[in-house]
Amino acid sequence: MNTTTFSKADSLSWNTVGTYMIGERSLSDEEIRRAKELQERNIPSENKAYEFFPKSIKSKVVRNIPVAFINHNAFYPDFLLCEEKILIEIDDWKHNYSPRKEMDEHRDKVFREHGYQTLRFKDKELKDKTKFLNNLYVQLNKVLLAKGRRNVKALIEELSHETNIGIINN
């Protein structure tokens, strides 16, 4: 499958069938079909999370983009901050039980092995925008500081401003 580089992130490509992708290999026909299906669906919790995101995240995030690593089926994170290599997942009750829980753990492990970090939020957290943004801020700050990523300070500062809490430096 032919791909061309997409400027939003070094590893983000646009394939010939019109689906953005990230990864080490091309997508199978089934993975392309699944990607299109996911990108066209209307999930209320994902829509609400996106609505709550500050502009700094909305401008950087991609939704349900296929990520294809060698020797693994494609994964389709709810949201991905490409440059920061951070996934944001909105989980409903099914993610607390087998086999979904084990699938999530495996997926998170594969992403960690490729330098990505997964942030998980319960869909119930979306009932309160302030609490959701506070939790998002704390988790992002922790991950970004651990990665030594100072170049996303504006993103953190915008979250800090919107949630009325300060930047945590520990």
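Relative contact order, percent, of region 42-112 when contacts are C-alpha pairs under 8 Å separated by at least 6 residues?
Working: 60 pairs, mean separation 14.4, N = 71.
So the answer I get is 20 percent.
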³J(HN,Hα), Karplus 6.51/-1.76/1.60, whole Hz, each residue of region 95-112, x for Gly, Pro: 6, 8, 10, 5, x, 4, 4, 5, 4, 4, 4, 4, 4, 4, 5, 4, 4, 4
Pairs beyond 30 Å (Cα-Cα), from LYS94/LYS127; LYS60/LYS122; LYS36/LYS131: LYS36/LYS131
Residues with amide H under 5 Å from that of LYS122, placed H, sequence gap 5 or more: ASP91
Estimated vicinal HN-Hα couplings, Hz - region 129-138 in sequence order (Karplus 6.51, -1.76, 1.60; Gly, Pro = x): 4, 4, 5, 4, 5, 4, 5, 4, 4, 4
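How do the peptides 99-109, 71-81 rank, highest first, by the average count of neighbouring beta carbon atoms within 10 Å per residue? Please list the in-between numbers first.
Values: 99-109: 13.2, 71-81: 19.5.
Final packing ranking: 71-81, 99-109.
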Under 5 Å, built H, 5+ apart or other chain: amide partners of ILE86: LEU81, GLN117
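Any read-out appearing in this document is the output of simple, stated calculations on the displayed coordinates, not a laboratory observation. Just so it is clear, the model here is predicted, and its values are computed rather than measured. Glycine gets a Cβ as well: all are built from the backbone with ideal geometry, and neighbour counts include every protein chain shown.
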